[in-house]
Ligand SMILES: CC(C)(COP(=O)(O)OP(=O)(O)OC[C@H]1O[C@@H](n2cnc3c(N)ncnc32)[C@H](O)[C@@H]1OP(=O)(O)O)[C@@H](O)C(=O)NCCC(=O)NCCS
């Protein structure tokens with residue numbers, strides 16, 4: 001993994017569409033307080049649909065104290081010492097699933113729609129290339145995580161399955177859980193823009 005960090009040369013500074021400068025780097029043990037503060041700034045509705053229970057302090061503690069790049073590669077965006085986005089690539093250690101990586105991403109509402117989410121997805125896809133993965137996936141809630149669905153599709157992800165009415169939304173209505181997938185060999189798709 002040290003090699004991976006060297007290849008991706010973290011920490012790296014990127015400039016967003018509005019000129020904001022942000023540092024990208026892997027999550028560190030010392031990020032516990034900042035990560036907790038970050039998720040407190042995320043709207044309840046966004047948090048409700050996330051896979052991890054980011055409201056629970058013990059979950060944040062677990063994420064920051066047991067960083068294991070063989071399981072999860074978490075990349076954060078930092079500005080003025082505060083985390084403003086968290087993106088992660090989840091790998092399975094089960095041999096039969098070793099070529100698949102699942103992406104998860106959350107951006108602070110104050111920094112959305114200026115290219116940060118897209119950039120982080122591309123970062124994770126580049127890491128997936130390095131790891132030799134074949135497929136990257138997103139599991140998203142239809143009609144409730146539309147920004148993420150659009151972001152994934154703009155990167156070349158395609159919907160490959162819909163699990164009907166698998167999700168209970170915040171208002172008690174049933175929604176589909178959709179699986180979006182991208183072949184890692186289609187590298188030209190995500191750096192097209
Ligand atoms: C999804 C999310 C990460 C996008 O982050 P972002 O920094 O705003 O994304 P970008 O500015 O890079 O936008 C990338 C693409 O996403 C899509 N997108 C982003 N916000 C959108 C919105 N409000 N409505 C529609 N499409 C949107 C667009 O296709 C955009 O492409 P464009 O820049 O060419 O228009 C952010 O909205 C978020 O954190 N949402 C809540 C958490 C979530 O749903 N996570 C997914 C669970 S894994």
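Readers should treat all values here as calculations from the given coordinates under stated rules, not as data from a laboratory. Just so you know, these numbers come straight off a predicted model, no measurement behind them.
A few remarks follow.
- Normalised contact order of the chain, rounded percent, pairs of Cα under 8 Å and 6 or more residues apart: 16 percent
- Inverse of mean 1/r across different Cα pairs in region 125-173, Kirkwood, Å: 12.6 Å
- Cα shape, region 94-193, gyration tensor, a/c 1.5 rule: oblate
- Where only alpha carbons of region 86-143 are counted, the Rg and the Dmax (Å): 12.6, 40
- Debye-sum result for region 1-105 in log10 I(q)/I(0), which assumes one identical scatterer on each alpha carbon, at q = 0.13 Å⁻¹: -0.52
- Antiparallel beta bridges, as assigned by DSSP with both residues in region 62-193, represent about 90 percent of the total such bridges.
- Dimensionless Rg ratio for region 2-184, taking C-alpha atoms and the 2.2 N^0.38 Å reference: 1.00
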